[in-house]
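Student: Take this structure first; my questions come after.
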Amino acid sequence: MTTAVAAPPGRTRTTPSPKRPPGRQARRWLIRIASLVTALLLWEWLTVTDVTAWIRFDRLPTPVEVAGQLWTLLGDPLYYLDIAQSLVRILTGFALAAVFGIAAGIAVARSWLLSDILQPLFEVVRPIPAIALVPVAILLFPRNEQGIVFITFTAAFFPILVSTRHAVRALPAVWEDAVRTMGGGRWRVLISVVLPGALPGVFSGLSVGMGVSWICVISAEMISGDFGVGYRTWHAYTIVDYPAVLVGMITIGVLGWLTAGLVELLGRRIVGER
Amino acid sequence: MSLAFHLEDVSLGHGSEIAVRGLDLDVRPGEVLVVVGASGCGKSTLLRTLAGLLPSLGGSVLADGAPITGPSPDRAMVFQDDALLPWRSARRNVELPLAIRRIPRPQRRATAEQWLGQVGLGDQAHRRPRQLSGGMRQRVQLARTLAGEPRAVLMDEPFGALDAQTRGAMQRLLVDVLKNTPATVVFVTHDVDEALFIGDRVAVLAPGGIRTIVDVPEPRDPATRGTPLVRAARESLLAALFQRSPA
């Protein structure tokens, strides 16, 4: 006779997973920080000792030079104006892309008529890199600003559209059937099944969309902007101010990371645990 | 309160694929009719047609004399598995048919809790479906279906995915819960013993229509299991099930 009996499957799922020991969490953070610090030290060593082994590091600014430049710029109102300008552009374009991308994704997934009308257009426009639309944007929009937002919008629109479409199509039919046999109509199915059911997929589209938006807003600013982080970085390059170029790059990196984190956080908040 | 179905010379199937032809069937108001048949004989198709999720491919399908043209909250369905919305708690799943009927929130909540209590899950109301066992999920689904006060309940092998022990417990629970509802029940299964325990009548479905309908002696009384009358009913059901259809 055995005395120990395996817990029924229903029980094991409800018990919370054991908490990780705090020491291990701290060690993992230490490793993450050490990784960044090591990269900085390597950069410093390569540039200070002027390593030239086919790739040349003798002309690249050192981290200390870049930090000095960053410090100067942190005291310059123009730096913040540029950041604000880029953020406004990207958030406007991204918000528009989120609204239209999710709506179009659901429409195309749920209606064969809308799918037949819109899908061919989408398939032809989708492969065009958004940045290739700069000349068209300049023609179409009265102001530069609107052109840049348009390009950011187009860049984020397609990943959001495609992810939403896939997520909606992958929903189990039984959820919709159940709601319909409770008397739910089209709108009820949309609000109670399609939207919440597709949310995880929608958020993965939003994450990708945010990344692509940054690529495009910076590129568009480099080509046609007169403000913004991208414009400022390109401008620094044209006057051979390399420390400022690197500060621009780091700024873009940090902003991209922050906005992606925001989308992630929002996703976890809204989608929650399932 | 209870709904009656009348089917005459009905063809059932998906699109151009006909699964059943020449089906005649009357479901009496308030009864529990169990439909048995080999897998693929069109049992689920019959239920989905009664639910209004599938159009019939010919003949007339009437609910209380009116043709069925689409789904209605009068004819609620219990599915085999995983029909609960995973992002809603058990209670919020049960509230769904009430929300669709625009019943005010406090009342919705009270009704849902009362139904969860009926299926023995009063203390699990806050849990999400994935935190519940398969049997518990089917109990939540049953509570959700009945909370909408349908006039007919269509059950598509609701215990088919459960282990034998849970299955037996669920059958007893269902019999208990059905005492409190006037709804007509059409219950599909491939298990003859389940059919004889739950049903007032058991119909054997085949691609050529209903082969036979057997009245269950002393329905839903566990004490009659294995009595000569029930054994005879079982024999005639099995004979009809395994009879070869005329070529």
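Student: Quick one: Karplus J couplings for region A:97-113, per residue in order, coefficients 6.51, -1.76, 1.60, θ = phi - 60°, nearest Hz, x for Gly and Pro?
Tutor: Each residue's phi maps through the Karplus curve to give 5, 5, 4, 6, x, 5, 4, 5, x, 5, 4, 5, 6, 9, 10, 5, 5 Hz.
Student: A further question follows. 5 Å is the cut-off here: which amide hydrogens, built 1.01 Å from N in the peptide plane, fall below it relative to B:Gly22, excluding neighbours closer than 5 in sequence?
Tutor: B:Val10, B:Ser11
Student: For n ≥ 4 DSSP H runs only, could you compute -39500 (n - 2.57) per run for chain B, divide by its residues and tell me the 222 nm figure to the nearest 500?
Tutor: Values: 7 runs with 85 residues, N = 247.
Per the formula, -10500 deg cm²/dmol.
Student: Helix A:195-224: angle to the longest alpha-carbon principal axis of chain A, degrees 0 to 90, nearest 10?
Tutor: Value to nearest ten degrees: 20.
Student: Could I ask something else about it? List the residues of region A:255-274 for which accessible area in the full set of protein chains is at least 10 Å² lower than for the chain on its own; 1.4 Å probe, protein heavy atoms only.
Tutor: For region A:255-274, once contacts with the other chains are taken into account, A:Glu273, A:Arg274 lose 10 Å² or more.
Student: How long is region A:60-271 along each principal axis, judged by its Cα atoms, biggest number first, in Å?
Tutor: For region A:60-271, the Cα spread along each principal axis is 68, 38, 26 Å.
Student: If you don't mind, there's one more thing I want to ask. I need the phi-derived Karplus couplings for region B:7-18: 6.51 cos²θ - 1.76 cosθ + 1.60, θ = phi - 60°, integer Hz, Gly and Pro marked x.
Tutor: Along region B:7-18, the couplings run 10, 9, 6, 8, 10, 10, x, 10, x, 9, 8, 8 Hz.
Student: Still on this structure: Over 47 Å apart: what share of the alpha carbon pairs of the protein assembly as shown falls there, rounded to a whole percent?
Tutor: Here the tail beyond 47 Å accounts for 35 percent of pairs.
Student: With angles folded into 0 to 90 degrees, how steeply does helix A:22-48 sit against the dominant principal axis of chain A? Use alpha carbons for both and round to 10.
Tutor: Value to nearest ten degrees: 30.
Student: Hey, can you grab everything whose amide H is under 5 Å from the amide H of B:Met77? Only 5+ residues off in sequence or another chain; H modelled, so Pro and N-termini drop out.
Tutor: Long-range HN contacts for B:Met77: B:Leu154.
Student: Let me ask you something else. Give, to the nearest whole percent, the P(r) tail of region B:1-109 beyond 23 angstrom, counting all Cα pairs.
Tutor: 38 percent
Student: Here's something else I'd like to know. Just the number, please: buried accessible area between A and B, total of both chains, 1.4 angstrom probe, nearest 100 square angstrom.
Tutor: Looking at A and B, the buried total is near 2200 Å².
Student: Here's something else I'd like to know. Ratio of alpha-carbon Rg to the 2.2 N^0.38 Å globular estimate for region B:84-149, to two decimals, please.
Tutor: Taking N as the residue count of region B:84-149, the ratio is 0.96.
Student: With label points built 7 Å along Cα→Cβ from the Cα atoms of B:Ile213 and A:Val37, find their separation and express it in nm.
Tutor: It is 8.2 nm.
Student: Tell me which DSSP H helices of chain B clear both cut-offs, 18 Å or more of axial length from alpha-carbon atoms and a mean Kyte-Doolittle hydropathy of at least 0.5.
Tutor: Passing helices, by number: B:228-242.
Student: Report the FRET efficiency, 1/(1 + (r/R0)^6), for A:Leu266 and A:Arg169, where r is their Cβ-Cβ distance and R0 is 30 Å, rounded to 0.05.
Tutor: After rounding to 0.05, the efficiency reads 0.80.
Student: Hey, can you grab everything whose amide H is under 5 Å from the amide H of B:Ala206? Only 5+ residues off in sequence or another chain; H modelled, so Pro and N-termini drop out.
Tutor: B:Arg211
Student: Let me ask something else. Given a 1.4 angstrom probe, what's the average accessible area per residue across the protein assembly as shown, in square angstrom?
Tutor: Value for the protein assembly as shown: 52 Å² per residue.
Student: Here's another thing I want to ask about it. Enter the mean projected area of the convex hull around the alpha-carbon atoms of region B:120-247, in nm², rounded to one decimal.
Tutor: 9.3 nm²
Student: For chain B, place one equal point scatterer on every Cα, skip the solvent, and apply the Debye formula. What is log10 of I(q)/I(0) at q = 0.10 Å⁻¹?
Tutor: Once normalised to I(0) and log-transformed, intensities are -0.47.
Student: How much length is gained if the chain between B:Ala38 and B:Leu62 is pulled fully straight, taking 0.36 nm per residue apart and subtracting their Cα-Cα distance, in nm to one decimal?
Tutor: Net length gain for the segment: 6.1 nm.
Student: Can you work out the Karplus-derived ³J(HN,Hα) for every residue in region A:164-175? Use 6.51 cos²θ - 1.76 cosθ + 1.60 with θ = phi - 60°, whole Hz, and x for glycine or proline.
Tutor: Taking θ as phi minus 60°, the curve returns 4, 4, 4, 5, 5, 5, 7, 5, x, 5, 5, 5 Hz for region A:164-175.
The values are calculated or read from the model by the stated rules, or taken from the named source; none is laboratory data. Remember, predicted model here, so these are calculated numbers, not experimental data. With ideal geometry, Cβ positions are generated from the backbone for all residues, glycine too; neighbour counts draw on all protein chains shown. Just the protein is used for accessible areas: all its heavy atoms, side chains included, with ligands, DNA and RNA removed. Shrake-Rupley method; radii C 1.70, N 1.55, O 1.52, S 1.80 Å.
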